[in-house]
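This report concerns only the one structure given below.
Every number in this text was worked out from the coordinates using simple rules, so none of it is lab data. None of the values given here were measured: they were computed from a predicted structure. Here the Cβ positions follow ideal geometry from the backbone for every residue, glycine too, while neighbour counts run over all protein chains shown.
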Ligand code: PMP
């Protein structure tokens, strides 16, 4: 029996053990059909059933209104940085973007290749430690859409509010989708790379309001046109079937956990414990404005970065994996997505206290 350790990776991230067990049980012979999901035609009744159930479960979890399409696409969240303007930004048009960190910056850079991008607000003035309030945003009157990044995976900055804008609101929820309930009706389009709270990498989920379909530029590649994907049930070509299936198992697991209200309770408890431990210590610190702290990605530094290596080595010895911060910022980062149990946070907090006693 292999021993599964506590994995704090930012993505691809921990998956629920129960889901992996089920996938293992079904791997060679899916429900007595004599073949694995990976070997099925995506057009078979079996796979279409798997795909439809996954979509319905996601709709149930997020209470997605009927006038939204759910698309299971490829190319990761990064491809959406281009796909969104190709579909929603007319030639010569303008889009507003909110800059709160590294992922918003990437979205801005890519969209700038396709049109006029107006950065309506930036956290730069706060050294990316706080989110500018909406009163300080300079939105354009004529924006085709407003794009923001509700959770900055690297910086550890998360909106705990939804912007009120008149243009369609577009959100990169790669690292916080499904972490708590959400009012989908406030958004024109939501997208999320799967490899944090949804499932394995190779899949990106797009939830798009129907009236935003059919606006793609004439030059938009067929494969990137949301309307084509929607019309073909996300099967214009061969989709990433196994990732889709596994994501469906995660959605079932989430329902068993009490849905997103259940996840919210656990995620809130996890983040409270971890930030409390950081704030109470003299060795660890997190610079983010308290109201804007991410529930999913908790970066922290040690007072002396010469302690980083011994901290990480000790963590690994105790089975606490992938706590090293992003290469661009250094320090530590604990990603505590849905599938990271509260026991993992308890173990981390205990280790942090023990390490501080020795080195503080
Ligand atoms: N946006 C956010 C907020 C992310 O965290 C990531 C990945 N860490 C991306 C976009 C890029 O995702 P992908 O690797 O799926 O392109």
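Using the Kirkwood formula on the Cα atoms of segment 153-201, what hydrodynamic radius do you get, in angstrom to one decimal?
11.8 Å
Quick one: in segment 34-91, what % of C-alpha pairs are over 17 Å apart? Spell out each step's value before the answer.
Details: 971 of 1653 pairs.
Counting pairs separated by more than 17 Å, the tail of P(r) holds 59 percent.
What shape does segment 1-81 have by the C-alpha gyration tensor, where a ≥ b ≥ c are the square roots of the eigenvalues, rounded means a/c under 1.5, and otherwise prolate means a/b greater than b/c and oblate the rest?
On the way: a/c = 1.77, a/b = 1.10, b/c = 1.61.
Here segment 1-81 falls in the oblate category.
How would you classify segment 34-156 from its alpha-carbon gyration tensor, with a ≥ b ≥ c the square roots of the eigenvalues: rounded for a/c under 1.5, else prolate if a/b is greater than b/c, otherwise oblate? Could the numbers behind the result be given before it?
Working: a/c = 2.35, a/b = 2.03, b/c = 1.16.
Verdict is prolate for segment 34-156.
Let me know the Kirkwood hydrodynamic radius for segment 191-307, please, with Cα pairs as the basis and the value in Å to one decimal. Before the final figure, lay out the partial values.
Values: mean 1/r = 0.0560 Å⁻¹.
Result for segment 191-307 stands at 17.9 Å.
If I take every Cα pair under 8 Å that is 6 or more residues apart in segment 127-209, average their sequence separation and divide by the length, what percent do I get for the relative contact order?
Computed over segment 127-209, the figure is 23 percent.
Give me the compactness ratio for segment 259-359, meaning the Cα radius of gyration over 2.2 N^0.38 Å.
Numbers: Rg = 13.1 Å, N = 101, 2.2 N^0.38 = 12.7 Å.
That works out to 1.03 for segment 259-359.
State, as an integer percentage, the relative contact order of segment 1-143 based on alpha-carbon contacts under 8 Å between residues 6 or more apart. Please list the in-between numbers first.
Details: 109 pairs, mean separation 19.8, N = 143.
It comes to 14 percent, rounded to a whole number.
Only counting other Cβ atoms within 10 Å, I'd like 6, 129 sorted with the fewest neighbours first. Mind dumping the intermediate values first?
Working: 6 23, 129 15.
So the ranking, lowest neighbour count to highest, is 129, 6.
Let me make sure I get this right: for the chain, a, b and c are the square roots of the gyration tensor eigenvalues over alpha carbons, sorted descending. Under 1.5 in a/c it's rounded, otherwise prolate if a/b > b/c, else oblate. Which is it?
On the way: a/c = 2.09, a/b = 1.16, b/c = 1.80.
The shape class here is oblate.
How compact is segment 109-206 by the rule of thumb for globular proteins, expressed as Cα Rg over 2.2 N^0.38 Å?
Numbers: Rg = 13.8 Å, N = 98, 2.2 N^0.38 = 12.6 Å.
Computed over Cα atoms of segment 109-206, the ratio equals 1.10.
From Cα pairs below 8 angstrom and at least 6 apart in sequence, can you work out the relative contact order of the chain, rounded to a whole percent? Mind showing how you got there, number by number?
Working: 653 pairs, mean separation 82.3, N = 360.
It comes to 23 percent, rounded to a whole number.
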